[in-house]
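Beneath this line is the structure, given in structure tokens, with notes to follow.
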Protein chains: 2
Amino acid sequence: MPRPSQLSEKRRLLVPAVAKAFADLGYRRTTTAELASRCRVQENILYRLWRDKKAMFIAAIDYIYESSAQTWAELLKGKPSEAAAEILLAYEATHFAENGYARIIFAGLSETDDPEIRKALAQMYQRYQAFVLEQLQKHRGSRNGKLKGDIGLAAWGFVGLGTVAAIVRELKLLSDKERGRLMTQVGRLLLEGA
Amino acid sequence: MPRPSQLSEKRRLLVPAVAKAFADLGYRRTTTAELASRCRVQENILYRLWRDKKAMFIAAIDYIYESSAQTWAELLKGKPSEAAAEILLAYEATHFAENGYARIIFAGLSETDDPEIRKALAQMYQRYQAFVLEQLQKHRGSRNGKLKGDIGLAAWGFVGLGTVAAIVRELKLLSDKERGRLMTQVGRLLLEGA
DNA sequence: CAATACTGTAAGCAATCACTAACAATATAG
DNA sequence: CTATATTGTTAGTGATTGCTTACAGTATTG
């Protein structure tokens, strides 16, 4: 018997560096040579782990949500679930999109006629929306406010708020402080519903 | 004296086709050969009109807002200014991002470390926000509701709403009907303020 | 007319880059 | 030990593509 494959393990190990590269450089300026260099391996190795450059990109997309989810789980550990929404909102008001991964998403969104990329992005967005929705339900469940309208749409509103916050950060359209106020203020609006 | 230059005129003439190409294909898959073909000219001609491919892309970015502004002006012609916000919201609930130009923006957002691209995008976003803000002020000015918080941030909220609507459309995450409800429902929330 | 710059057409080049082939070295299971 | 598949290293290539050069034709002004 030969030695057992460690491919999937190696993939997990390298994905963060791959994601960072795409986040720093976008898709087209992230050459496979650059990826190899950042991963401290030869290009060849990458092609044993992933079919082609696109597959590396998709792995980066998948990693984004996992990375967020891990941060959130850490943050909410031991906290009461009704407080989760407020805690997350306060945290993201200052830290949202600080890792730069949003640029991976933008790069992907300009390639949405590729079915695999679209699928990966769709899955990622649906996960985000589902997570937000869960927090919203727990939050609103506690109080019995006059909640009007579909709560699922409010969750999508949050996704939009996050997106514009990332854009505003990327383009330096608002100061950190103003961007924080944007998140908390519009966030609170969505949290409570009209 | 030689014949007068018609360069700027020709630029105006070709920009819509250029923008359509970038919208259809993204940045990297839009080759200069493809651009030339769609414009029904030789590549060479394009390089007389713009310094390089990036300049063509930036021209496309600039065109996006102009295109929207023209549509809106048409739509609001002869309408009372207090009604503008509602009219626009109702219109965009079904027509937002239908031209596909959003993909130009996403392509640009993944290249934001280029100063010229960032500048073009920042200008475009600021124009959109300023326009929305203007409509919001006219809308809220008419009624004297309990408007809490910074109205400028609400305008950024609208920009976020538009962005998520474009994403949701691109990725087919919601049906047309649901997306319309997203726009109107969250839009109304932002319109009135908490 | 004539000078001058603009417009159109064709061909091609230099550089980048995704991807591969070939081979040596190594670790594991029987 | 040995067979087998994995891992590491080097080099290279075919294709794409942004951009340029060169030249012929044309319209406009003095």
Out of A:L14, A:L49, A:L35, A:L7, which single residue is more than 15 Å from DNA strand C (Cβ to nearest atom), more than 14 Å from chain B (Cβ to nearest Cβ) and of a type in the set (A, V, I, L, M, F, W, C)? A:L14
Anything in the stretch A:165-185 that is under 15 Å from A:L89 (Cβ atoms) and either facing another protein chain (nearest Cβ under 7 Å) or in contact with a Leu (Cβ under 6 Å, 6 or more places away or on another chain) (or both)? List them, or say none. A:R181, A:L182, A:Q185
Regarding A:A107, is this residue within 14 Å of another protein chain (Cβ to nearest Cβ) and under 11 Å from the mean Cα position of the chain (by Cα)? no
What residue, of A:L136, A:L153, A:L121, is without any contact (Cβ under 8 Å) to a residue 60 or more places away in the chain and at the interface with another protein chain (Cβ under 10 Å from one of its Cβ atoms)? A:L153
When every residue in the stretch B:99-116 that is of a type in the set (D, E) and in contact (Cβ under 8 Å) with a residue 12 or more places away in the chain is compared, the one nearest to A:T112 (Cα to Cα) is B:E111
Of the numbered conditions (1) among the aromatic types (F, W, Y); (2) within 16 Å of DNA strand D (Cβ to nearest atom); (3) within 25 Å of A:A107 (Cβ to Cβ), B:Y65 fails exactly one; give the number of that condition. (2)
The conditions are (1) under 13 Å from the mean Cα position of the chain (by Cα); (2) in contact (Cβ under 8 Å) with a residue 40 or more places away in the chain, and B:R188 fails exactly one of them. Which is it? (1)
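Rundown of residues vs (1) crowded, with 19+ Cβ neighbours inside 10 Å; (2) within 21 Å of the chain's Cα centre (by Cα); (3) at pLDDT 95 or above; (4) not in a loop (DSSP other than H, G, I, E, B), yes/no style:
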| site | (1), (2), (3), (4) |
| --- | --- |
| A:F22 | yes, yes, yes, yes |
| A:R28 | no, yes, no, no |
| A:A33 | no, no, no, yes |
| A:L46 | yes, no, no, yes |
| A:R51 | no, no, no, no |
| A:F57 | yes, yes, yes, yes |
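The values are calculated or read from the model by the stated rules, or taken from the named source; none is laboratory data. These numbers come from a predicted model, not from an experiment. Backbone-built Cβ (ideal geometry, glycine too); neighbour counts: all protein chains shown.
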